[in-house]
Structures are given as C-alpha cells and as structure tokens.
Amino acid sequence: MGLAVWKRVTLFLISFALWLLLVWPFGPEPGQVRLEDIYVGLGVAALVALVMREFSVQLFGRLLNPVRYFWFMVYLAVFLYHLVKANFDVAYRVLHPKIPIHPGIVKVKSTLKTETALTVLANSITLTPGTLTVEVLPDGTFYVHWMNILGHDQEEFRRRTIGRYEALIRRVFE
C-alpha cells in the first residue's frame, strides 16, 4: 500500500477512536456503546478519511504540540485587541459628520505557505472591521479592501494588514 493509503487509514482509525470516546457513556448501560453508535462512527470516520486531503501523521503530531496552543492563545489576544480597536475606528468614521473615509483596494504579499494558514489570515483580515479580503492568490498575494487607506507605501500596507497576524499564524499553523 502507498503512503497516501496509510495516511487515510491512520486518519480513519483516529477519527473512529475519537467518535467512540465521544459516545461511550451514552449506551443503554453505563460504559456500553450501542451498535448504532458504532455504525454511525464507522461512517463518519470513513467520510472524514475520504474528505481530508492534507492530513498526515505529522499534522496530528503538530496538533498535540502544547507550544502551538500557547501561540494560538497569543494570536487570539492580538486578534481581539485589533478587533476592538477596529470597531471603535469604524464607529468613529460612521458617526463623524464628514464620514472621513478613503476606500480602496491594496495588494499585499504574504510569506505563509499552507492553505490553512492563508485561510486563517484571510479570515482574520475579513473579520476585522474596516477591511475585507477580496481575493487570495495561490502564491500568497492578498487583495484587501480598506475602508480608510492612509498613504501609498506598499510596506506600510503590508505591515498594517497582515504583519500583525502573519508571524503568529505561522507559529500555529505551519
């Protein structure tokens, strides 16, 4: 069997084991699993094994790394800070009598490599009020709509758009 098959078999077994752990105490007797739960678990584990493309044993090992959880918590704190700050900025611009906005689309390049990391970065940008990820190219180029563009410096755009999240996302997802 090829390596891809072994990865899918490993994913199937891990998924099925997690399913059994989730349904174990809910059988007719304490500590007993119903036959229907086993059948559904086999189906769900098979579906997960067929659908997941990028899973590998190495990825599973990365999920068990506690350092990644620490950096994820740091990322969440930074994201929440910028989220609150952006909410106040958007509220100020909307409530200001002259509505001081300068909308536009900027192009920034990320150094992230995996699809997961690029997706998390795109969603982080979009969830921050005042910015919207319009497109992400496979090479890591982002087109981002800003409600208020300040200046014309590409490096400043990069720093203000993705620079605040990129290093943290790399530590968690790559």
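Compute the semi-axes of the equivalent ellipsoid of segment 111-173, taking the square root of 5 times each eigenvalue of the Cα gyration tensor, and list them largest first in whole Å.
Output for segment 111-173: semi-axes of 19, 12, 11 Å.
Based on DSSP H runs of at least 4 residues, each adding -39500 (n - 2.57), what is the mean residue ellipticity at 222 nm of the chain after dividing by all its residues, to the nearest 500 deg cm²/dmol?
-19500 deg cm²/dmol
For the chain, what % of the accessible area comes from carbon and sulfur atoms, probe 1.4 Å? If you can, show how the numbers build up before the last one.
Working: 7910 of 11380 Å².
That fraction is 69 percent.
Dipole size in debye (nearest 20) for the chain around its Cα centre, Lys and Arg Cβ +1, Asp and Glu Cβ -1? Numbers along the way, then the final one.
Values: 18 positive and 13 negative charges, 91 e Å.
The dipole of the chain has a size of about 440 debye.
Going by alpha carbons, how many degrees (0 to 90, nearest 10) lie between the helix axis of 66-95 and the longest principal axis of the chain?
Compared with the principal axis, the helix lies near 40 degrees.
At 25 °C and 0.890 mPa s, what whole-number value in µm²/s does Stokes-Einstein give for the translational diffusion of the chain, with Rh from the Kirkwood sum over Cα pairs?
So the translational diffusion coefficient is about 127 µm²/s.
Rolling a 1.4 Å sphere over the protein heavy atoms, what is the accessible area per residue of the chain, to the nearest Å²? Mind dumping the intermediate values first?
Working: 11380 Å² over 174 residues.
Ligands and nucleic acids excluded, the figure is 65 Å² per residue.
Figure the gain on full extension for Asn65 and Leu18 (residue separation times 0.36 nm, minus the Cα-Cα span) and round it to one decimal in nm.
15.1 nm
Can you tell me the orientation of helix 115-127 relative to the chain, as the angle in degrees between its alpha-carbon axis and the longest Cα principal axis, to the nearest 10?
In the chain, helix 115-127 runs at an angle near 50 degrees to the longest axis.
The values are calculated or read from the model by the stated rules, or taken from the named source; none is laboratory data. Since we're looking at a predicted model, the values are computed, not measured. Cβ atoms come from the backbone with ideal geometry, glycine included; neighbour counts cover every protein chain shown. Heads up: the accessible areas ignore ligands, DNA and RNA and are worked out on the full protein's heavy atoms, side chains in. Shrake-Rupley method; radii C 1.70, N 1.55, O 1.52, S 1.80 Å.
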